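All remarks here apply to the structure that follows.
Rule-based calculations on the coordinates, nothing more; no lab input. No experiment lies behind these values; they were computed from the predicted model shown. We place every Cβ from the backbone using ideal geometry, glycine too, and count neighbours over all the protein chains shown.
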Amino acid sequence: MPKKESFKQSMDRLDEIIAQLNQNEVELEEAITLFEEGLKLVKQCDAQLKQFEKRVSVLSEVKEEGEGDA
């Protein structure tokens, strides 16, 4: 199973894909392949962001509960 890329690595790769597609020198088949890769990366980044949001929410709740004890 391939190692999951970090959020930054995924975003960097998305930037590369966008740059390649904007060059207008990419063959149609390659453009479609790049587009598919980009969609997978967007989905992966979205899932990671949702996980980060949950973690921040949990940490915020823990902090608020801790402040109530003071």
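To the nearest ten degrees, helix 28-68 and the longest principal axis of the Cα atoms of the chain are 10 degrees apart. Extending 7 Å from Cα along the Cβ direction at Val42 and again at Glu25 yields two label points whose distance is 2.5 nm.
Site-free segments of the chain were taken between trypsin sites (Lys or Arg not before Pro) in DSSP loops having at most 16 other Cβ atoms within 10 Å, sites themselves excluded; the longest one is 5-70.
Longest segment of the chain with no GluC sites (Glu not before Pro) in a DSSP loop having at most 14 other Cβ atoms within 10 Å? That gives 28-70 as the longest site-free run.
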